[in-house]
């Protein structure tokens, strides 16, 4: 009887041991976000039952439902389209596997209305905006690398929503400086629509920009570029500027020809290019006219100085017109202008503290006999900015239609640049951003 009991005990023990070997268990834990925004990603990490990190080679992911809503790259999940997704995570160790399902929601990117804000370490300045139907094209100067002053020209498309305003899409770098030549440092773009030809190719958009080969960004000249898609690639016109500053004659330490502003006078190819001429005598507005129907052979008119009389505000004995942007009212035969106040303050950044909106009769631009001059419509200063926060207001633009014509003379939208002071922010260069006024 004792022998029989011993045999039974050994058999029972053996059966238990065999069962344990066949049922080796593994487990894991991981944390999956409950929500993911389109364009965002997360990477799966997991721990075993002893709270030890599991090697990534032992983990794998498959999409159980919602395959079109995400992409999977190794252990990284990226949101593509809004919806609910279920993934299966599998932990494999030796010949044993453990799988678990996890669900999360991919949300659409929230829409932000109003002017875009630059990311940390970036700036936005010297903007120009044209409105074409229910779209706006915002072109501006920014930097290509965070924390660096390496100017490029960028563009964003704005889409209108009733009751909300404009939301601007992703930033596209549309023009970069040349590695050699006259435009190794570029900024201050202006664009218009029309009918243009360059090297036997037809284009529908024209850009003017300032450039120089001097690292201290003086002695600017003005060049052109063309495109059929403002958000896409732009082709520089020629290898020399269209309006070239002669630093030997006028001095190399001055700004030269800067702040170009384009107007398509006949909405076809007749272009007026306004710019600021800055030399030892000050900053004054000039313009040239040319037919852009054949940009391979540009014939400029003579330089004409815009009048500087009237009741413009100034801090000099002679009224100056620095850093101005222009728009054309073809119905009433008027030109509108927004300009920086002069003089330049001594504290950094050395830019204007005020901007001024003014208008003038078109006929006065063509007459050598002084007329009434500019009529100042409003002078904007820091008390017009949100919470009177910004002392520096400068480099403004009038939002025009796609040809550089005024949209309305009773409601004018102005976009301008602001900056912190160096005394308040050592990284003031990267605080430059865009704000707007409405003049009614």
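Values in this text are rule-based calculations from the coordinates and carry no lab data. These numbers were taken from a predicted model, which means no experiment stands behind them. All Cβ positions, even for glycine, are placed from backbone atoms using ideal geometry, and neighbour counts span all protein chains on display.
Fully extending the segment from residue 268 to residue 388 would add 39.0 nm, taking 0.36 nm per residue of separation and subtracting the current Cα-Cα distance. For the chain, the longest principal axis of the C-alpha atoms and the axis of helix 2-22 are separated by about 10°. Comparing 151, 311, 81 in a Gaussian network model of the chain (Cα springs below 10 Å), the most mobile by mean-square fluctuation is 81. Each Cα pair under 8 Å and six or more residues apart adds its separation to the average, and for the range 348-418 the resulting relative contact order is 30 percent.
Its residues counted as N, the range 26-107 yields a C-alpha radius of gyration over 2.2 N^0.38 Å of 1.08.
Could you please rank 92, 233, placing first whichever residue has the fewest other Cβ atoms within 10 Å of its Cβ?
On the way: 92 15, 233 11.
Going from sparsest to densest Cβ surroundings: 233, 92.
Classification of the range 107-198 by its C-alpha gyration tensor yields an oblate form. The axis ratio a/c (a ≥ b ≥ c) is 1.5 or more, and b/c is at least a/b.
Model label points for residue 73 and residue 27, set 7 angstrom from Cα along the Cα-to-Cβ axis, are 3.5 nm apart.
Given only helices, namely DSSP H runs of n ≥ 4 each adding -39500 (n - 2.57), what is the per-residue ellipticity at 222 nm of the chain, to the nearest 500 deg cm²/dmol? Please list the in-between numbers first.
On the way: 2 runs with 25 residues, N = 440.
For the chain, the value works out to -2000 deg cm²/dmol.
Taking the centroid of alpha carbons for each part, the range 335-353 and the range 270-297 are 21 Å apart.
Between residue 409 and residue 440, the modelled labels are 2.0 nm apart [label points 7 Å from Cα along Cα→Cβ]. For the pair the range 32-61 / the range 380-440, the C-alpha centres are spaced 46 Å from each other. DSSP bridge analysis restricted to the range 125-439 gives an antiparallel fraction near 95%, rounded to the nearest 5. Taking every alpha-carbon pair under 8 Å whose residues sit at least 6 apart, the range 69-129 reaches a relative contact order of 25 percent.
Listed options for volume of the Cα convex hull per residue in Å³ are [x] 157; [y] 145; [z] 211. The value calculated from this structure is the one marked [z].
For residue 53 and residue 375, the difference between the fully extended length at 0.36 nm per residue and the C-alpha to C-alpha distance is 108.7 nm.
Taking the chain as a Gaussian network of alpha-carbon nodes connected by springs under 10 Å, the highest mean-square fluctuation of the residues 188, 261, 239 belongs to 239. Remark: 405, 333, 283 ranked as 333, 405, 283, counting other beta-carbon atoms within 10 Å and listing the fewest first. Extension gain, residue 250 to residue 64: 0.36 nm times the residue separation minus the Cα-Cα distance gives 59.8 nm. The label-point distance for residue 40 and residue 152, in a model that sets each label 7 Å from Cα toward Cβ, rounds to 2.6 nm.
GNM on the chain, alpha-carbon springs under 10 angstrom: the most fluctuating residue among 109, 418, 263 is 109. Neighbour counting of Cβ atoms within 10 Å sorts the residues 94, 107, fewest neighbours leading, into 94, 107.
Please report the relative contact order for the chain, taking Cα pairs under 8 Å with a sequence separation of at least 6, and give it as a percent rounded to a whole number.
Details: 1114 pairs, mean separation 45.0, N = 440.
Across the chain, relative contact order equals 10 percent.
For the range 213-241 versus the range 171-204, the inter-centroid distance based on Cα atoms is 4 Å.
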